[in-house]
Structures are given as C-alpha cells and as structure tokens.
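What follows draws every value from the coordinates through simple rules; no lab data is involved. On a predicted model such as this, the values are computed, not experimentally measured, just so you know. Positions of Cβ are backbone-derived with ideal geometry, glycine not excepted, and every protein chain shown enters the neighbour counts.
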Amino acid sequence: MKIGFIGLGNMGLPMAEALQKAGHDVTGFDIAVPPTDIISLATSAELAVAQCEIVILMLTTSHVVSRVLDDIIPHLDKGTIVIDCSTIDVASARTCADSCNEAGIAHLDAPVSGGIAAAAAGTLTFMIGGDEDIVQAAHPLFDIMGAKIVHCGSSGAGQAAKICNNMILGITMIGTCEAFALADKLGLDRQSLYDVVSGASGQSWSLTSYCPAPGIGPNTPSDNDYKPGFSADLMLKDLRLSQIAAGETGADTQMGALATELYRRFVEEADGSGQDFSAMLKRLTS
Ligand code: NAD
C-alpha cells in the first residue's frame, strides 16, 4: 500500500520503518528532520500524503492533529483511510472523524500502548475507534505494527480506552511507589515486598512489569536511572485527558484527579519533567 506517515518522533519513526520493511511504500513527513534511511521523506505533509491509500498520524496533541488534518484533507482522494495513532482527547477524535467523513475520507482513532520498545519490536497494543469495515481494511497494517489489536467501538472509543487504561496506570504506579516508600520506613526489605506482592492481591503491571524500584523485578527504566521509557510528562498529559473526559461526562474519578495533581506537581514543581513516570518513587523517598 502507498502510505503517508506524518509525525516521525520516538513512536512514529519505528512504526513507519516497520511498515516499509514489511513491503509497503511509505513516505513520511515531520517538521524536525528524522534520522532515517529506510523510508522516503517529503518536504511537506501535503506532499507526503499525495495519492496515498492510507495516512497515519503519530503527533503530540489534538491541536497539532487538527491543524495537520486541515492541511492535508484537501489533498486526499476520496476513500483514503486516515489512522490517527496520537493520544488525544475523545471529543477532538470525534471532531477529526467528522471532518474526514465530510470530505469522503475514512477515519480511525487508534492510539497505542506499549512505548518506544514495543514500537520498535512491532508489538504495540492498538485500541481502535471507527467503522468495522475500515478496521478490517487497515488490519494488515495494525498486524505489522502491533501484537494486540482491539476494536473498541465507534469513533472516539479507542481514545476512551487509552485514557481509561492510563488513568489506572497512573494510579497504580503511585500506589506501588507509596508501598515501597512505606516499606522503607517500616524496615521491610524491598525485594521481600516484591516477592510477596507480585504473587498476592496487590499485584499490578506497575509492579511486576515496570517495577519502580531499581534492581528488583524485570529490567525497567528504574534500572537505567529513570531515563524514559514512558515519561512523567506523557503520563501527566494522559491523566489530564482523563480528567477532561471525566469533567465532560460527569464521571466520578477522585483517584484519577489526585493522580493528575501528584504528577502535575512532580512535573511542574519538582524535577519530574524528562524522567520516567516511575521516578515518582524517588520523589516519595527523597
Ligand atoms: P514525539 O514528540 O517523539 O513525536 C512527535 C513528532 O511529531 C515529533 O517528531 C514532532 O517533530 C512531530 N510534529 C509536531 N508537529 C508536527 C507537524 N505539524 N507536522 C509534522 N510533524 C509534527 O512523541 P512520541 O513519543 O512519538 O508520541 C507520539 C504520540 O504517541 C503522543 O500522542 C503520545 O502521547 C503517544 N504515545 C507515546 C508513547 C511513548 O512511550 N512515547 C506511548 C504511547 C503513546
């Protein structure tokens, strides 16, 4: 397939390169020139998407996604499929889908979970919102970039799943870090805490797959001086999206609100910016 790929940052570049290596014809564009000799680069978004059957976006915010869509929609053929893999708010994802549909263009919101390592390995999880026939048409591409593909429902459902997942992740990471901090105060060895909780009812992905305590459990960013991984800044972004959605829908998410505030303080008032989100343990124990 001829694919235009806009946004070749930490996540987008390995995804675009995986599609090219699998035999697709990928032309990319990013405002910062990305380091690649695997895909072709265009000098504008409009040129990157010309005559493409598929356009994939992997951008930062809803504002950027809307601006890029405004630029490229007039240059897309009817029937083109736009797949937006950026993490943005649910309402904006639906608005983007409407803008595409009005121009005869199909749209899927397809945010991902798994981070940079999974993007490079082609093992991302995709959470998809949009029409079933469009999801099926794009499935071979998702299969190249991902290991788990879940069609969550109509437009916006992918983004809804993503922010619900990451609200749980933010809350459980803080809870896990608090437990290690409490164990330290109680004189309980961190390895003993891990050995008990990893097989007990307090177990979670934050503990057993992404342990915030260095030297314990699998190799994680805590073993690499908390170099991201998944940055505290991106966690704050996703928690804020969860709270926008909670505000719009009247959902009662008090733990989510507190996690958002704790990550806000960590990123904006302490040294959390640029560190992995599991570095919250250092903050709680310093
Ligand atoms: P990134 O900042 O590394 O990449 C974004 C890229 O978009 C940058 O290279 C930037 O130059 C480019 N860009 C910005 N404005 C542009 C424009 N107008 N036209 C073309 N390119 C433009 O971010 P990332 O880590 O690749 O994340 C991308 C998305 O994936 C975000 O929404 C993020 O929340 C989400 N996400 C990231 C991770 C992760 O671990 N990094 C995991 C899951 C989801």
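Numbers at a glance
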| read-out | value |
| --- | --- |
| Helices (runs of 4 or more DSSP H) contained entirely in segment 27-134, each with at least 1 residues that are within 14 Å of the ligand (Cβ to nearest atom) and within 30 Å of Phe277 (Cα to Cα) | 62-72, 90-102, 115-121 |
| Enumeration of residues in segment 210-234 that are more than 13 Å from the ligand (Cβ to nearest atom) and farther than 17 Å from Ala120 by Cβ | Cys211, Pro212, Ala213, Pro214, Gly215, Ile216, Gly217, Pro218, Ser222, Asp223, Asp225, Tyr226 |
| First in segment 1-20 and without any contact (Cβ under 8 Å) to a residue 60 or more places away in the chain and closer than 24 Å to Gly79 by Cβ, second anywhere and away from the ligand (no atom under 14 Å from the Cβ) and among the acidic types (Asp, Glu), Cβ under 9 Å, 6 or more apart | Lys2/Asp25; Lys2/Glu53 |
| Pairs with Cβ under 7 Å, 6+ apart, first in segment 209-234 and at positive phi and in contact (Cβ under 8 Å) with a residue 40 or more places away in the chain, second within 16 Å of the ligand (Cβ to nearest atom) and among the acidic types (Asp, Glu) | Tyr226/Asp276; Gly229/Asp276 |
| Cβ-Cβ under 6 Å pairs, at least 6 apart or on other chains, segment 44-63 side over 14 Å from Val26 (Cα atoms), far side in a loop (DSSP other than H, G, I, E, B) and more than 9 Å from the ligand (Cβ to nearest atom) | Ser62/Asp89 |
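Let's see how each residue does on (1) buried (at least 21 other Cβ atoms within 10 Å of the Cβ); (2) touching a Gly at 6+ places or on another chain (Cβ under 6 Å); (3) touching a residue at least 60 places away in the same chain (Cβ under 8 Å):
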| site | (1), (2), (3) |
| --- | --- |
| Phe142 | yes, no, no |
| Ile149 | no, no, no |
| Ser155 | yes, yes, yes |
| Asn165 | no, no, no |
| Thr172 | no, no, no |
| Gly175 | no, no, no |
| Glu178 | no, no, yes |
| Gly187 | no, no, no |
| Val196 | no, no, no |
